[in-house]
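Colleague: Encoded as C-alpha cells, here's the structure I'll be asking about.
Laboratory data are not the source of any read-out in this text; all were calculated from the coordinates shown. In this text the structure is predicted, and so the values were computed from the model without any measurement. Here the Cβ positions follow ideal geometry from the backbone for every residue, glycine too, while neighbour counts run over all protein chains shown.
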Amino acid sequence: MRKYIFIIGGVMSGVGKGITSASIGKILQGKGFNVTAIKVDPYINVDAGTMNPIEHGEVFVTEDGDETDQDIGNYERFLNKNIPTDNYMTTGRVYQSVIQRERNLEYKGKCVEVVPHIPQEIIDRIKRAADKDKADITIIEVGGTVGEYQNLLFLEAARMMHLKEPENVVFIMVSYLPIPNKIGEMKTKPTQHAVRTLNGAGIQPDFIVARSEKPLDEPRKEKISVFCNIKKEDVISAPDVDSIYDVPINFEKDNLGDLILDKFGLESKEKDLKDWRKMVQEIKEAKDEVKIGMVGKYFSTGDFTLTDSYISVIEAVKHGAMANKVKPKLIWISTDKIEKEGIDCLKELDGVIIPQGWGSRGSEGKIEAIKYCRENKVPYFGLCYGMQMAAIEFARNVCGLEGSNSEEADPKTKYPIFHIMPDQKKYLEEKKYGGTIRLGGWPCKLQKGTKIKDIYKKDEVTERHRHRYEFNNEYKEKLEEKGLTICGTSPDNKLVEAIEITEHPFFIGTQFHPEYISRPLNPHPLFVEFVKKCKK
C-alpha cells in the first residue's frame, strides 16, 4: 500500500512548508524508501507562469515543460530527481479538468458538484502521481495556511483519503511560534488556534513541526501536546538554521523519520544520510568568501528585499560555492540603481550574474553592468535574459550597431538582435500567453574549442528553457567576426543556445536555465566553474 503525508501550514505563510516537505522526503529516502512529492496550490491560475515573481516567487520549470511553484525546485534539489508535471496542481487546473470531463460526458449525466467531484479529482491526481513514480511514500504540500477559504477543498480531499485508508495517511502541521520582542517568551497560542481550525476541517495532525527563531523547550512542547491533542514526542523543534540543507539533520535530532515510519507501521530499510551530512559539514567549514552581484529587478517589494524570485539561481550559486569550498556572499543590485548612479556599486565584486527577466524596465542598467564586466575581465554569467543583454551589449559597443536591442524591450529597434519567432508572434496576436513560450528540457550542441564545451566535457547536453524571444541569426556572422563565440546551438543549428567570449576569464551567457537542474549533491558544472573564476 502506498503511503501519503500531507503537509499543512499553520499561523502564517513563508515559514518553510516547502523545505519541511523536501527535508522529510530526504530523510525517508535515506531510510531506503522511494519518495516523491506533490505541490498543490490554491490559486485559480492554471499554472504559475503568468504571475509576477515578486508576488509569488520564482517560477520553476520542470523537465517536461510545466511552469510550477518554486517548491517543486526544492523537491528536485533535496530528492535529487526530476519532478514531473503530474506532481503539480492548482485549483484552476483541477476545475479545468473537471469541467472538461463534464463537457465530455465522462460523468454520465450526473449533476457535477464542487463536493465530492473536486476533492475526488484531487485524490485521483495524487494517486496517479504516486503510481507513476511507483512511490512508497508521497508527500503532498498543501499551499497556503489553514483557515484560508482557498485551500478548503484540498483539505477535504485529504480528509476523505484518511477516512478511507487511515493507516496510509499522516498529517503534519508546520506552525509558527512567535517570540514577541517586548515579551521575550515563545507563544504557543497561535498554534493552538491553528490546530483547532484544522480540526474544524475534520483533520487532526499527527505531528506538529514548531517553526521559530529558537529551539522549542520542554514547557512549550508540553503545552502544545496537551492543548493540541498530540504526543509530546510528536512535537518537532524546527528553529532557524544557517542553511536549508541543515533541516533534515535537525529533524533527525527528534527522530522524525522513525516516528513517521512508526505511524505507518514501516521499518527503516537502511540509514544513510552520510553524503548529505558530509556536504553540510563542508558548508560550515568553508572560510574564504566570494562576493557575487545579482543584478536584477524582481526583488524590491515596498521597503523590503524579497529574493524568492531567484531561488534556483541562489541555490545553484551555493552549490557551486560548496564545490569550491568557499562561502558565497550575494550582493543584490537593482538595475534601477545602476541606471541612476552608475557602475561604482560593481567595483568590489568578484563576479556578476544577470538572471532571467522580462520587458524593457531595467534593461539599460543590465547592459551597463555587462559592459563593465566585459571590459574589466570580471567573471560574468548571463542566464536567459542575461544572455540576451550580453549579446546586445556586444552588438552596441563592439560591433558599432548603435541602438541594438531585443524586440521585447524595443519593438522598433533598428537592429533586433533578438526577435520574436513566427509561431510565438501568432500566440501574442491571439493573446495566448499562458504556457505558450519555449519550455522544458531541450538539447544543446556544444561547439569544439569553446570554454563551455571544456566545462561540460560533453558534445551535447539537455537544459531547461523558459523564454519567448530568440537570437536573430541575421546578426550571427557580424558578432562572431568581432569576437563573440556562438558556443552552443540547437542540434539543427537554427537556434543560438549559448554565447561566450573565449579569451575572457569567464564571460558566458545561456539562453537556457542551468540553475534549474543544479543540486547540492550534483552541482551544475557552469556554476562550479563560474564560482571557481570568482574565487581566483
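Colleague: HN-Hα J couplings of the stretch 333-340 from phi, Karplus 6.51/-1.76/1.60, θ = phi - 60°, integer Hz, Gly and Pro as x?
Modeller: The phi angles translate into 10, 6, 4, 4, 5, 5, 5, 8 Hz.
Colleague: Calculated FRET efficiency, TYR107 and ASP131, Cβ-Cβ r, R0 25 Å, to nearest 0.05?
Modeller: Efficiency for this residue pair is about 0.65.
Colleague: If you take every DSSP beta bridge whose two residues both sit in the chain, what share of them, in percent to the nearest 5, is antiparallel? Provide the component values of the computation, followed by the final result.
Modeller: Numbers: 25 of 76 bridges.
Looking only at bridges with both residues in the chain, the antiparallel portion is about 35 percent.
Colleague: Now, a different point. Please list the equivalent ellipsoid semi-axes of the stretch 13-279, computed as the square roots of five times the alpha-carbon gyration tensor eigenvalues, in descending order and whole angstrom.
Modeller: For the stretch 13-279, the ellipsoid semi-axes come out as 30, 22, 19 Å.
Colleague: Also, quick follow-up: Given Cβ point charges of +1 (Lys, Arg) and -1 (Asp, Glu) and nothing else, what value in debye, to the nearest 20, does the dipole of the stretch 200-293 about its Cα centre take?
Modeller: 180
Colleague: Same structure, new question: Taking 0.36 nm per residue of separation and subtracting the Cα-Cα distance, what length does fully extending GLN281 through GLU267 add?
Modeller: Working: separation 14, 0.36 × 14 = 5.04 nm, distance 2.78 nm.
Once the chain is fully extended between GLN281 and GLU267, it gains 2.3 nm.
Colleague: Run the simple label-point estimate for MET421 and GLU481 please: 7 Å along Cα→C-beta, distance reported in nm.
Modeller: 2.8
Colleague: May I ask you to derive the FRET efficiency for LYS340 and GLU474 from their Cβ-Cβ distance with R0 = 35 Å, giving the value to the nearest 0.05?
Modeller: 0.55
Colleague: Taking the Cα centre of the chain as origin and charging only Cβ (+1 Lys, Arg; -1 Asp, Glu), how large is the dipole, in debye to the nearest 20?
Modeller: Here the chain has a charge dipole of around 460 debye.
Colleague: When only C-alpha pairs under 8 Å and at least 6 residues apart count, what is the relative contact order of the chain, in percent?
Modeller: 15
Colleague: So, one more: What full-extension length gain, to one decimal in nm, is calculated for GLU375 and LYS457 as 0.36 nm per residue of separation minus the Cα-Cα distance?
Modeller: Between GLU375 and LYS457, full extension yields an extra 26.7 nm.
Colleague: With each label point set 7 Å from Cα along the Cα-Cβ vector, what nm distance links MET12 and LYS291?
Modeller: 3.2
Colleague: LYS127: which lysines have alpha carbons under 26 Å from its alpha carbon, excluding same-chain residues fewer than 8 sequence positions away?
Modeller: LYS3, LYS17, LYS26, LYS31, LYS39, LYS81, LYS108, LYS110, LYS164, LYS263, LYS269
Colleague: Measure off 7 Å from each Cα along the Cα-to-Cβ vector at THR502 and GLN96, then give the distance between these two points in nanometres to one decimal.
Modeller: Result for the modelled spin labels: 4.5 nm.
Colleague: OK, next. Check the straight Cα-Cα distances from LYS347 and name the lysines below 21 Å, setting aside those fewer than 8 residues away within the same chain.
Modeller: The qualifying lysines are LYS291, LYS297, LYS327, LYS329, LYS337, LYS366, LYS371, LYS377, LYS532, LYS533, LYS535, LYS536.
Colleague: May I pose another question? Give me a comma-separated list of calculated 3J(HN,Hα) values for the stretch 7-15, in order, Karplus coefficients 6.51, -1.76, 1.60 applied at θ = phi - 60°, integers in Hz, x for any Gly or Pro.
Modeller: Residue by residue, the stretch 7-15 yields 9, 10, x, x, 6, 7, 7, x, 9 Hz.
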